[in-house]
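One structure is given here, and the rest of the page talks about it.
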Amino acid sequence: MAITDKFRKPGRYFLVTFGCQMNISDSEKIAHLLEERGYQPTLELESADLVIVNMCSVRKSAVDRIYGLAEKIEHLKKSGHKIEAVLTGCYLKSAEQRKLLKIFDLVCARPDFFENPEYLSQPAHYHSFFRAYVPIMTGCNNFCAYCIVPFTRGREYSRPAKEVLDEVKKLAQGGYREIWLLGQNVNSYQGKDGHRTVLFPELLSRANAIDGDFWLYFTTPHPKDLSDQLIQVMAQSSKVAPYLNLPAQSGDDIILKKMNRPYVIKDYKNIVNKLRQAFQENRKNEEKRLALSTDIIVGFPGETEAMFQETVKLMTEVEYDMAYIARYSPRPLTSAWPLGDPIPEAEKIKREKILNEILKKTALKNNRFYLNKTIPVLIDYYDAKKKALFGKSRAYKTVKIDGGQDNLIGQVASVKITEAGSWGLYGKIK
Ligand code: SF4
């Protein structure tokens with residue numbers, strides 16, 4: 001059942017999104033669907049007739065935040081407020097989340113919401129006028145031992161190539177400057193184009209060939225599907241930004257095997273080296289440097305101190321620009337769930353801290369590379385309190401620019417980098 005079938009009288013809607021860019025993208029489709037049917041957005045929960053929570057179950061902490069919001073909704077309902085509440089997104093049909101059923105009037109786990117994964121074809125109400133997310137596939141077939149995505153989003157489905165490319169073209173014509181191709185396992189894309197199957201390197205190359213002045217990103221790739229052909233396409237396609245998030249998850253081969261990640265660290269490092277070499281050979285100036293980020297989980301069941309030291313080694317050697325370090329939290333239905341959570345939280349916090357210290361140093365070292373260089377920065381927003389503009393470089397570095405005007409938002413400015421910190425760059429508009 002679609003949300004609008006149940007709630008026939010259009011009113012004001014309050015849409016909250018938890019989680020990743022895929023969820024943001026899904027919310028953009030929900031917003032479009034509602035507004036097409038006469039609903040108006042509101043930024044206040046109290047003034048809404050319809051609340052939609054697009055949830056994330058990837059970590060327990062995300063689910064806990066949803067309970068906090070659910071309590072507010074329950075309180076509003078009890079105090080006589082006429083409000084209908086819908087829960088969608090990565091909802092897990094598990095004991096842990098069943099309690100949410102009592103608070104929400106309608107719970108539609110992802111595959112039911114738009115009935116099938118072809119919901120990706122629905123138009124979107126983009127959240128920004130210069131940055132856009134284009135979902136190219138959804139779901140995942142990999143079943144990493146810690147991950148609930150294959151249970152909440154189902155198996156992989158790739159959107160037809162023409163549809164993806166038409167959306168990119170429309171965005172480019174509309175003046176969008178930053179376009180992301182999204183998928184849980186983006187580089188295993190296999191979309192139809194007539195009778196042919198288009199693989200991710202071809203899709204990326206065809207997106208790159210679209211006219212327009214835009215920067216092209218994609219996320220999240222799986223190392224096992226990062227082919228030599230994709231590396232070449234990335235390095236040779238001028239619109240593809242010199243930034244990549246390549247999740248390692250652990251630096252230890254035994255843990256990787258337990259996580260059901262089908263690669264060893266030697267192969268992972270080999271990919272990193274090939275990527276760096278390809279950018280060195282094909283790009284100009286600062287784009288010769290590929291900014292790399294990763295995802296790491298600390299405290300996966302069975303991770304000994306020696307195994308953790310392998311992750312320390314990986315992070316030290318690869319010298320990441322950014323790392324998203326998560327403390328392991330068991331998720332129902334996953335194959336690691338029966339292993340429990342044997343590593344004490346204090347130990348996980350300690351390991352997380354050690355990795356963050358390494359990251360702080362490597363990120364600072366990498367950021368110093370941009371010192372005194374003049375680079376293009378896409379201006380994101382103006383912070384009136386800090387009297388500064390904030391934006392992103394092509395390598396996806398946050399750049400703080402003192403002064404400036406908010407009429408630059410959504411524009412690309414030439415910025416001379418005057419200072420580098422671990423978490424960003426500082427500069428002046430040239
Ligand atoms: S590749 Fe692994 S971590 Fe990524 S969505 Fe699939 S199962 Fe989850």
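The values are calculated or read from the model by the stated rules, or taken from the named source; none is laboratory data. For clarity, every value in this text was computed on a predicted model and none was experimentally measured. For neighbour counting, all protein chains shown are included, and Cβ atoms are generated from backbone atoms with ideal geometry for every residue, glycine included.
Filtering the stretch 137-173 to residues that are of a type outside the set (D, E, K, R), in contact (Cβ under 8 Å) with a residue 40 or more places away in the chain and farther than 30 Å from Ile255 by Cα leaves Ala161, Val164, Leu165, Val168, Leu171, Ala172. Within the stretch 198-210, is there a residue that is within 16 Å of the ligand (Cβ to nearest atom) and either more than 17 Å from the chain's Cα centre (by Cα) or over 18 Å from Thr311 (Cβ atoms) (or both)? Checked the stretch 198-210: at least one residue is within 16 Å of the ligand (Cβ to nearest atom) and either more than 17 Å from the chain's Cα centre (by Cα) or over 18 Å from Thr311 (Cβ atoms) (or both). Please work out if Val58 is surrounded by 17 or more Cβ atoms within 10 Å (Cβ to Cβ), in a helix (DSSP H, G or I) and at pLDDT below 90. When the stated conditions are applied, Val58 does not pass them. Could you list all residues from the stretch 118-155 that are under 20 Å from Tyr263 (Cα atoms) and either touching a strand residue (DSSP E or B) at 6+ places or on another chain (Cβ under 7 Å) or in a helix (DSSP H, G or I) (or both)? Result: Tyr146, Val149, Pro150. Filtering the stretch 126-157 to residues that are within 18 Å of the chain's Cα centre (by Cα) and away from the ligand (no atom under 14 Å from the Cβ) leaves Tyr126, His127, Ser128, Phe130, Arg131, Ala132, Tyr133, Val134, Ile136. In the condition set (1) buried (at least 18 other Cβ atoms within 10 Å of the Cβ); (2) closer than 25 Å to Ser227 by Cβ, Lys348 is compliant with all but (2).
Restricting to the stretch 27-55, name every residue that is touching a residue at least 40 places away in the same chain (Cβ under 8 Å), among the aliphatic types (A, V, I, L, M) and in a helix (DSSP H, G or I). Hits for the stretch 27-55 are Ile30, Ala31, Leu33. Given the criteria surrounded by fewer than 20 Cβ atoms within 10 Å (Cβ to Cβ), among the aliphatic types (A, V, I, L, M) and either modelled with pLDDT under 95 or touching a helix residue (DSSP H, G or I) at 6+ places or on another chain (Cβ under 8 Å) (or both), does Ile343 qualify? So Ile343 fails the test. Would the stretch 250-271 turn up any residue that is in contact (Cβ under 8 Å) with a residue 40 or more places away in the chain, within 30 Å of Phe130 (Cβ to Cβ) and within 14 Å of the ligand (Cβ to nearest atom)? No; the residues of the stretch 250-271 include none that is in contact (Cβ under 8 Å) with a residue 40 or more places away in the chain, within 30 Å of Phe130 (Cβ to Cβ) and within 14 Å of the ligand (Cβ to nearest atom).
Is it the case that Arg196 is touching a residue at least 24 places away in the same chain (Cβ under 8 Å) and either under 19 Å from Ser238 (Cα atoms) or charged (D, E, K, R) (or both)?
Details: touching a residue at least 24 places away in the same chain (Cβ under 8 Å): no; either under 19 Å from Ser238 (Cα atoms) or charged (D, E, K, R) (or both): yes.
No, not satisfied.
What residue, of Ile401, Ile358, Ile379, Ile417, is β-branched (Val, Ile, Thr), modelled with pLDDT of 95 or more and assigned by TED's automatic domain parsing to the domain that holds Ile325? Outline the logic, then answer.
Values: Ile401 fails: assigned by TED's automatic domain parsing to the domain that holds Ile325; Ile379 fails: assigned by TED's automatic domain parsing to the domain that holds Ile325; Ile417 fails: assigned by TED's automatic domain parsing to the domain that holds Ile325.
Residue meeting the stated conditions: Ile358.
For the stretch 299-326, the set of residues classified as within 21 Å of the chain's Cα centre (by Cα), buried (at least 17 other Cβ atoms within 10 Å of the Cβ) and within 21 Å of Phe143 (Cβ to Cβ) consists of Ala326 only.
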